[in-house]
Every structure is written in structure tokens, then in C-alpha cells.
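**Student:** This is the structure I want to talk about, given as C-alpha cells.
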Amino acid sequence: MNGEFAALMNSVCTELLAGEVYHSRTANEFRKIALRGFGRWADAEARGDMKSRLCLEKQLRDKLGYAPVVDVSKLANEVNASFSNVSELPAILQKWIDREKEFAKTLTQAMRLAAEIDVEIYRELIELTNEVQTEAFRVKLCGMRLELAGWNGHDIAIVSKLLHHHFEEHPDDKYVNVNLG
């Protein structure tokens, strides 16, 4: 197996596990500050990262006989993610966007190499890249919507309520297709 590709797959699987931990942690942090809808969104993203990682690891093992090595030292920052009030929401959403954009860069590199190695893994990485880019886009739209209203507490509560209802009905929605008003 190509050493560069193996290193990229290790990075992708590490980032997926880090995303799962980050989203699980922030889901509880959102609930702590009474933003249960944002918490449900983060829960859905954590589940999505876990499912994607397990699927990719299975594909790599089945198709290439490779078991990715996850760097658990990268999880320390994710486990400690913390915020204490709604005024931090702009920074929280920006961090979320930045994480996804950085991950998309790694996925793009992996995708390019995968095209030469295995078409099924290549397709898996295309889908994952699309999901990550769409996630960043949806978080950005949510932030733009809240910024439009001046990050007003009442408005944030309404958006959180809309998200909460959406995820009650569609708990595994990959694209957060909800009209935030």
C-alpha cells in the first residue's frame, strides 16, 4: 500500500474520531447553555462521523487489507471543548466551520490518491467530502442568519427550537435541511 495514502487514511480516520468526540462534547455544552437544538445538531454530526469512520475503516480493511492507525493524542483538545454562555456562539460556530474546512482539505488530498487505488474507497471519500463541505456551509448559513439579527438571545432561542424540532423528526439528516427563518 502506498505510504502517503496510508498516512492520509490514518489522518482521515483520526479526524473522524476527533469529530465524533468534538461533536459529542459540544452537544452537551450546548445543552448546558440551554441550546438543545444545537445540541441535537451536534449529536447528529457525532453519529455521522462515527458511521463514516467505521464504514471507511471496513472498506480499507476489506479492499486493501489496511487497518488505519488512529492518533488518539489528537483527541485531548476535543474532550476538553467547553463554553459557558450564549455570547460565545459566534466563536463556537466559527470554530466548527474552520474544523470542517481543514478536514475537507485532508479529504481532498486523500480523494485524489484514492482515485488511483480503489474506486469504491474513492466514492466513499467523495461522499464524505461532500458531507463535510455541506456541514461547513450549513453552519455558516446558520451563523449568517443569527448575525443578521445581531446575535439576539431571543432569536438564538428560536433557531435552536427550529433545530430541535427538525432533529426530532429527522435525527440522521446529513444536510440539515431546515428553514431557520
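**Student:** What residue, among those in the stretch 137-181 that are β-branched (Val, Ile, Thr) and within 25 Å of VAL12 (Cα to Cα), is nearest to the chain's Cα centre (by Cα)?
**Tutor:** Of everything passing the filter in the stretch 137-181, VAL139 is nearest to the chain's Cα centre (by Cα).
**Student:** Okay, next question. For SER87, work out the one condition from (1) within 30 Å of GLY143 (Cα to Cα); (2) within 18 Å of the chain's Cα centre (by Cα) it doesn't fulfil.
**Tutor:** Every listed condition holds for SER87 apart from (2).
**Student:** Now, a different point. Across the stretch 158-181, what is the number of residues that are in contact (Cβ under 8 Å) with a residue 12 or more places away in the chain, out of contact with any Gly (no Cβ under 8 Å at 6 or more places or on another chain) and not acidic (Asp, Glu)?
**Tutor:** Residues flagged as in contact (Cβ under 8 Å) with a residue 12 or more places away in the chain, out of contact with any Gly (no Cβ under 8 Å at 6 or more places or on another chain) and not acidic (Asp, Glu) within the stretch 158-181 amount to 7.
**Student:** Any idea how many residues of the stretch 83-134 are within 16 Å of ALA46 (Cβ to Cβ) and either charged (D, E, K, R) or modelled with pLDDT under 95 (or both)?
**Tutor:** 4
**Student:** Next question. Please state which of the following conditions LEU128 fails to meet, knowing it meets all the rest: (1) in a helix (DSSP H, G or I); (2) free of Cβ contacts under 8 Å to residues at least 40 places away in the same chain.
**Tutor:** Against the list (1) in a helix (DSSP H, G or I); (2) free of Cβ contacts under 8 Å to residues at least 40 places away in the same chain, LEU128 comes up short only on (2).
Per-residue answers, yes or no, for (1) more than 25 Å from GLU168 (Cβ to Cβ); (2) in contact with a helix residue (DSSP H, G or I) (Cβ under 9 Å, 6 or more places away or on another chain); (3) of a type outside the set (A, V, I, L, M, F, W, C); (4) not in a loop (DSSP other than H, G, I, E, B):
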site: PHE38; (1), (2), (3), (4): no, yes, no, yes
site: ALA42; (1), (2), (3), (4): no, yes, no, yes
site: GLU45; (1), (2), (3), (4): no, yes, yes, yes
site: SER52; (1), (2), (3), (4): no, yes, yes, yes
site: LEU56; (1), (2), (3), (4): yes, yes, no, yes
site: GLN59; (1), (2), (3), (4): yes, yes, yes, yes
site: ALA67; (1), (2), (3), (4): yes, yes, no, no
site: GLN94; (1), (2), (3), (4): yes, yes, yes, yes
site: LYS101; (1), (2), (3), (4): yes, yes, yes, yes
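**Student:** A follow-up question, please. Any idea which residue in the stretch 114-136 is farthest from the chain's Cα centre (by Cα), counting only those that are surrounded by 22 or more Cβ atoms within 10 Å (Cβ to Cβ) and of a type in the set (Val, Ile, Thr)?
**Tutor:** That would be ILE121.
Conditions (1) in contact with a Phe, Trp or Tyr (Cβ under 6 Å, 6 or more places away or on another chain); (2) exposed (fewer than 13 other Cβ atoms within 10 Å of the Cβ); (3) in contact (Cβ under 8 Å) with a residue 60 or more places away in the chain, marked per residue:
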site: SER73; (1), (2), (3): no, yes, no
site: LEU89; (1), (2), (3): no, no, yes
site: GLN94; (1), (2), (3): no, no, no
site: ALA104; (1), (2), (3): no, no, no
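The values are calculated or read from the model by the stated rules, or taken from the named source; none is laboratory data. The shown structure was predicted, so the numbers you read here are calculated from the model rather than taken from an experiment. When we count neighbours, we look across all protein chains shown, and the Cβ atoms used for this are built from the backbone with ideal geometry, even at glycine.
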